[in-house]
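Report on one structure; see the data block that follows.
The values are calculated or read from the model by the stated rules, or taken from the named source; none is laboratory data. As the structure is a prediction and not an experimental result, all values here were calculated from the model. Cβ atoms come from the backbone with ideal geometry, glycine included; neighbour counts cover every protein chain shown. To get the accessible areas, we keep the full protein, side chains included, count just its heavy atoms, and leave off ligands, DNA and RNA. Shrake-Rupley method; radii C 1.70, N 1.55, O 1.52, S 1.80 Å.
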Amino acid sequence: PARARLLLSQLFQPLNLQVGGVAGCEGQAAELGCRSHRLMLQGGLIHPASPGCYHLLPPAVRSMEKLIRLIDGTMRNIGGQKVNMPSLSSAELWQTSGRWEQMGPELFRLADRHSKEYCLGPTHEEAVTELVAAHCNLSYRQLPLRLYQVTRKFRDEPKPRFGLLRSREFYMKDMYTFDASEEAARHTYELVCSAYRSLFEQLGLRCVQVQAATGTIGGTASHEFQLPADIGEDRLVLCPAGHFAANVEMLDEEQTACPTCGEKLTQSRGIEVGHTFYLGTKYSSVHNAVFYTPENKLQLAEMGCYGLGVTRILAASIEVLSTEDSIRWPTLIAPYQVCFIPPKKGSKEEQGTALLEHLYDNVAEALPRLVGDMVLDDRTQMTIGRRLKDANKLGYPYVVIAGRRACEDPPVFEVWDQSCGTVLYLTKEGVTELLSKAQLP
């Protein structure tokens with residue numbers, strides 16, 4: 001039925017496509033010095049709330065939920081169990097680990113009505129270790145334990161910039177693992193790193209795993225997952241043959257050659273989208289997270305923690321895939337897969353409108369998984385060309401148009417396939433067959 005069609009005119013996506021600069025934006029045009037920030041504001045995906053904080057509008061939320069669905073699948077495959085921990089974390093917990101002082105002004109601190117101090121969690125090592133420690137009869141049979149969540153995190157960035165790439169409130173997937181031995185914990189570490197690599201592969205993003213410093217999280221080994229991009233704030237050195245990659249902060253000044261093959265290292269910039277840490281017993285020893293060994297002795301669990309910046313992956317993928325003026329998505333997480341464009345009202349092709357609506361309903365019936373992923377651009381006061389331009393800027397993987405040939409017998413529709421940049425002319429069966437290839441997480 002018509003009421004089930006998703007009409008573009010009714011979506012809450014305030015397009016600023018005509019605007020050069022974007023009104024209501026903190027800072028000057030220089031602040032929009034990054035492609036993803038500009039495109040996300042113009043495309044009605046985000047709207048500034050306060051410095052470093054954004055409203056995510058419905059299309060961005062759809063994209064993020066698809067990304068989370070992919071991440072959930074990836075985490076399930078490696079035995080992850082999903083939890084949800086409070087954003088409010090007591091100061092005592094952080095004082096016990098020593099990070100209340102160490103994190104300095106980066107922590108958002110607040111007090112409740114009883115003058116008890118808290119912070120808004122930028123990360124949850126303390127909280128999860130305390131949670132597992134409270135489970136006082138944990139047995140080696142329950143290990144490895146791999147707990148993860150996807151929640152809002154808070155960091156009082158001195159200079160939030162680049163939209164969702166460096167904000168003060170953001171979504172992160174953080175996983176915390178508990179193993180019975182160092183060897184088992186190293187195995188978990190490899191497993192998660194490999195899961196991260198396959199996630200970025202699924203998204204069609206080129207991602208480099210580089211050696212990194214452990215910073216305020218601590219531990220003895222750490223890697224960052226970086227998307228090479230000019231706008232990136234991290235400086236990387238890479239072996240051209242792929243043997244070695246590191247964040248510059250890890251290197252001696254004199255190291256210019258790959259330690260494996262001797263090739264000259266090349267420099268690149270990157271956007272950090274994931275970070276893994278092998279923690280050992282740094283937190284389990286402080287919060288007493290122990291388990292019973294086969295000999296019934298108590299032993300400290302060996303830990304690891306693993307983060308993925310969810311909102312940052314969203315912005316970073318737009319940053320690396322898009323053109324200057326048009327968003328391009330990893331197909332799997334495009335907010336909508338298909339945009340249908342009927343003829344302009346009063347044009348000689350107007351009879352194509354009913355045919356296109358009929359096609360929309362046919363596709364919905366034949367491919368129920370695409371229901372909710374198809375938009376009808378009913379702004380028929382505009383020309384097809386103008387609406388096609390908008391559709392191109394918003395990066396729908398498929399655009400189906402009822403143009404001149406929709407009035408032929410049988411009707412032929414014009415289909416833009418973004419993934420290979422081709423235009424096809426297809427009958428309604430052809431359109432349905434093509435759209436059956438649309439990828440959803």
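Structure values in brief
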| read-out | value |
| --- | --- |
| Candidate set: region 395-420, residues that are under 24 Å from GLY44 (Cβ atoms) and either of a type in the set (A, V, I, L, M, F, W, C) or open to solvent by 60 Å² or more (accessible area, probe 1.4 Å) (or both); chosen: the one modelled with the lowest pLDDT | SER419 |
| Cross-chain or 6+ apart pairs with Cβ under 8 Å, region 146-169 first and free of Cβ contacts under 8 Å to residues at least 24 places away in the same chain, then open to solvent by 30 Å² or more (accessible area, probe 1.4 Å) | LYS159/ARG166 |
| Residue in region 327-354 that is nearest to THR151 (Cα to Cα), counting only those that are open to solvent by 10 Å² or more (accessible area, probe 1.4 Å) and of a type in the set (S, T, N, Q) | THR331 |
| Candidate set: region 154-202, residues that are open to solvent by 60 Å² or more (accessible area, probe 1.4 Å) and farther than 30 Å from GLY43 by Cα; chosen: the one nearest to the chain's Cα centre (by Cα) | GLU190 |
| Extreme residue, farthest from MET103 (Cα to Cα), among residues of region 218-232 that are touching a Cys at 6+ places or on another chain (Cβ under 8 Å) and either among the polar types (S, T, N, Q) or outside any loop (DSSP other than H, G, I, E, B) (or both) | LEU227 |
| Scope region 332-367; condition among the β-branched types (Val, Ile, Thr) and under 17 Å from LEU426 (Cβ atoms); matching residues | VAL338, ILE341, VAL363 |
| Every residue from region 233-265 that is more than 27 Å from LEU314 (Cα to Cα), out of contact with any Ser or Thr (no Cβ under 9 Å at 6 or more places or on another chain) and in a strand (DSSP E or B) | ALA257 |
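Let's see how each residue does on (1) open to solvent by 80 Å² or more (accessible area, probe 1.4 Å); (2) under 23 Å from MET172 (Cβ atoms); (3) among the hydroxyl-bearing types (Ser, Thr, Tyr):
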position	(1), (2), (3)
SER97	no, yes, yes
GLY104	no, yes, no
ARG109	yes, yes, no
HIS114	yes, no, no
GLU125	no, yes, no
ALA133	no, yes, no
ASN137	yes, no, no
TYR148	no, yes, yes
